[in-house]
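A quick write-up on the structure given underneath.
The values are calculated or read from the model by the stated rules, or taken from the named source; none is laboratory data. Note that the structure is predicted; figures quoted are calculated from it, not measured. Note that each Cβ is placed from the backbone with ideal geometry, even for glycine, and that neighbours are counted across all protein chains shown.
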Amino acid sequence: MCATHPFFLSLQPMEQRDYILREIEKLGMILRAIMTKIFGGNANNPLPEVKQFEEVTEELLENAGFDLKAFIRMDDDLAIKYLEDRRDFNIPNLEDLALILEKLGAAYYGAADHAAADTGATDHAAADTGATEPEATEPEATDPGATEPLPPLSLNTEPGIKEPLMAGPFELKPVEIRSLLLKKALLILEHCRDTDRTYSFERESRIGALKKAGKKP
């Protein structure tokens, strides 16, 4: 059959390379479009911070087949393997993805502080209530599942599907989402530094900033 002719076989690596290049270019366009649409860029009306995470998640899933909520919950080794297996994440695309995660983490910084303040206010109110009602001295039982770690993520092995599947509902507090976003952004940039032959001052500056941000409560 003609499909087994050496001439056709010799075209396969080139065709595969061209396909990968097209996918890299396509993903790059998607990431830049998300930057403009969600965070402003050249747009006049960027999305409000409270909507950015869900909007970015939807855009990445629909246009790039990338499940952000599953990705940020992966352990580091699996996350890097997943990015490498996709083949459309070259260094510029990885750095753009990290930038998106950085911006989302920055947007969640205020939300995390606000949530913490609300929690503190609730605790303070509860303390006041306990002071005025001596009979309510016994603390309520805590949910034993509240401190359990997230269940491990599995990979979908169906043919043609290479996205991670989420195990369990995505129920994280703003401070937890922010932490996961910034940790994955740092992981991606450090991976770029380890694999890129070109030294980048900008990348090193971002790595340093993310490390400092990770130390904040």
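Structure above, values below:
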| quantity | calculated |
| --- | --- |
| Residue within the stretch 63-82 that is farther than 27 Å from ASP194 by Cα and outside any loop (DSSP other than H, G, I, E, B) present | yes |
| Among residues of the stretch 163-190, those that are modelled with pLDDT under 90 and either buried (at least 20 other Cβ atoms within 10 Å of the Cβ) or touching a Lys or Arg at 6+ places or on another chain (Cβ under 7 Å) (or both), counted | 2 |
| Single match in ALA98, ALA64, ALA79 (criterion: farther than 20 Å from LEU210 by Cβ, buried (at least 17 other Cβ atoms within 10 Å of the Cβ), out of contact with any Ser or Thr (no Cβ under 9 Å at 6 or more places or on another chain) and not charged (D, E, K, R)) | ALA64 |
| Every residue from the stretch 7-55 that is modelled with pLDDT under 90, in a helix (DSSP H, G or I) and closer than 17 Å to TYR108 by Cα | ILE38, PHE39, GLU49, VAL50, LYS51 |
| Test: GLU135 is loosely packed, with under 13 Cβ neighbours inside 10 Å, modelled with pLDDT of 95 or more and not aliphatic (A, V, I, L, M) | no |
